[in-house]
1. Which of the numbered conditions does Y205 fail, given that it passes all the others? Conditions: (1) at pLDDT 80 or above; (2) under 20 Å from the mean Cα position of the chain (by Cα); (3) hydroxyl-bearing (S, T, Y).
2. Inspect all residues belonging to the stretch 199-222 and state whether any of them is part of a loop (DSSP other than H, G, I, E, B) and closer than 22 Å to Y128 by Cα.
3. Does I164 meet the test of being touching a helix residue (DSSP H, G or I) at 6+ places or on another chain (Cβ under 9 Å), over 21 Å from L217 (Cα atoms), modelled with pLDDT under 80 and among the β-branched types (V, I, T)?
4. With buried (at least 23 other Cβ atoms within 10 Å of the Cβ) and among the β-branched types (V, I, T) as the only criterion, which of V94, V51, V44, V122 stands out?
5. If you take the residues of the stretch 269-323 that are of a type in the set (S, T, N, Q) and crowded, with 20+ Cβ neighbours inside 10 Å, which of them is modelled with the highest pLDDT?
6. For the stretch 226-260, name all the residues that are of a type in the set (G, A, S), part of a helix (DSSP H, G or I) and surrounded by fewer than 20 Cβ atoms within 10 Å (Cβ to Cβ).
7. In the stretch 1-70, which helices (runs of 4 or more DSSP H) lie fully inside it and hold 1 or more residues that are within 23 Å of V213 (Cβ to Cβ) and modelled with pLDDT of 95 or more?
Amino acid sequence: MKALTILIAIAGVVLGAALIGHFGFVAVGRALFAVGWIGFLAIVGYHLAVVVLLGLCWYVLVPRVAPAASFIWGRLVRDSGADVLPLSALGGFVMGARAATLLGIPGNVAVASTIVDVTLEVLGQIGYIAVGLAILAGRWPDAAPIGWIFLILPLALIVVMGFIALQKHHLLGAVEDATRRLAKRWIRDMAVPARPLHHEIHDIYARRRCVYVSTVLHFAAWIASSVEAWIALDLMGARLDIGLVIVIESLLYAIRSVAFAVPNAVGVQEGAYLMLGATLGLTPETALALSLLKRGRDLVVGIPTLLVWQFLEGRRLLVRRPE
């Protein structure tokens, strides 16, 4: 399985490089460097603000367990693991839960709230995609993909609501087993008790107001991510209105969700940007430059985050060894 993941990642890198080479390294580089260092740092700062919002989405589910900073840190590690390391998204979820436990969140609460948080994030994404499609339908009612994507959205919503029903009715045996296997694979000493996990998930969903607030915040975070892309495009000289950017970004992340098995969506993201950009008035060079800008942002944020996390892990092991 690891070998297959590595092969898929390599194929994605080759595809991405081939696309950039086809449209010209110089042209793509010109669009990318138009942002400038100050603009790039502004994008990184804005992205960190979005991560803070995502951490608060998680925090409101169990607000009295630990300070909000613990959840923000866990979310930062979760995204860094998924965006920088050649892991599946599930590996990033486990890393984020583990990082949160280092700042005082009990292991069972961290895992249970992660499961619920990820579920609500998908709900927010469905609403985000619906907004993007509504904008697309309003401007180009005859666009080919609108009909079948609108049919898929209710099916996705049914699947998510069904998964929530499984969580609420204590039928998470398979999920618990998968969580334990992932925890053992990625983080050897992260124990996840079975029975408390059921109770924690049920208690989280019993706080309906917190669940609703988290879902709304997740939707806001998805919209905020489009604003980040709109700012980046504006710095590159691409004058697209925010509605078009929401269409591009929402459909991009829909494609990324389908291609979840590809590590970091390497190649998939670049191809999706080209396809969507060609349809909605974004030049190939600018579309590829935006993708590279996002990957550069992920590296600048993710690598220091993972190094700090490893430092905290190492210090924890040194403290435990004398005991």
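The values are calculated or read from the model by the stated rules, or taken from the named source; none is laboratory data. In this text, all values refer to a predicted model and were calculated from it rather than measured experimentally. A quick note on method: Cβ atoms are made from the backbone with ideal geometry, for glycine too, and the neighbour counts reach across all protein chains shown.
1. (2)
2. The first filter runs over the stretch 199-222 and keeps only residues part of a loop (DSSP other than H, G, I, E, B), leaving 207.
Now restrict to residues that are closer than 22 Å to Y128 by Cα: none.
No, the conditions are met nowhere in the stretch 199-222.
3. On the way: touching a helix residue (DSSP H, G or I) at 6+ places or on another chain (Cβ under 9 Å): yes; over 21 Å from L217 (Cα atoms): no; modelled with pLDDT under 80: yes; among the β-branched types (V, I, T): yes.
So I164 fails the test.
4. Numbers: V51 fails: buried (at least 23 other Cβ atoms within 10 Å of the Cβ); V44 fails: buried (at least 23 other Cβ atoms within 10 Å of the Cβ); V122 fails: buried (at least 23 other Cβ atoms within 10 Å of the Cβ).
Testing whether each residue is buried (at least 23 other Cβ atoms within 10 Å of the Cβ) and among the β-branched types (V, I, T) leaves just V94.
5. Here is the first cut: in the stretch 269-323, the ones of a type in the set (S, T, N, Q) are 269, 279, 283, 286, 291, 305, 310.
Subsequent filtering for residues that are crowded, with 20+ Cβ neighbours inside 10 Å retains 269, 286, 291, 305.
On the way: Q269: 82, T286: 86, S291: 87, T305: 94.
Going through the qualifying residues, I end up with T305.
6. Narrowing the stretch 226-260 to residues of a type in the set (G, A, S): 226, 229, 232, 237-238, 243, 250, 254, 257, 259.
Still in the list and also part of a helix (DSSP H, G or I): 226, 229, 232, 243, 250, 254, 257.
The answer is G243, S257.
7. Numbers: elements: 2-23, 25-33, 36-59.
Fully inside the stretch 1-70 and qualifying: 36-59.
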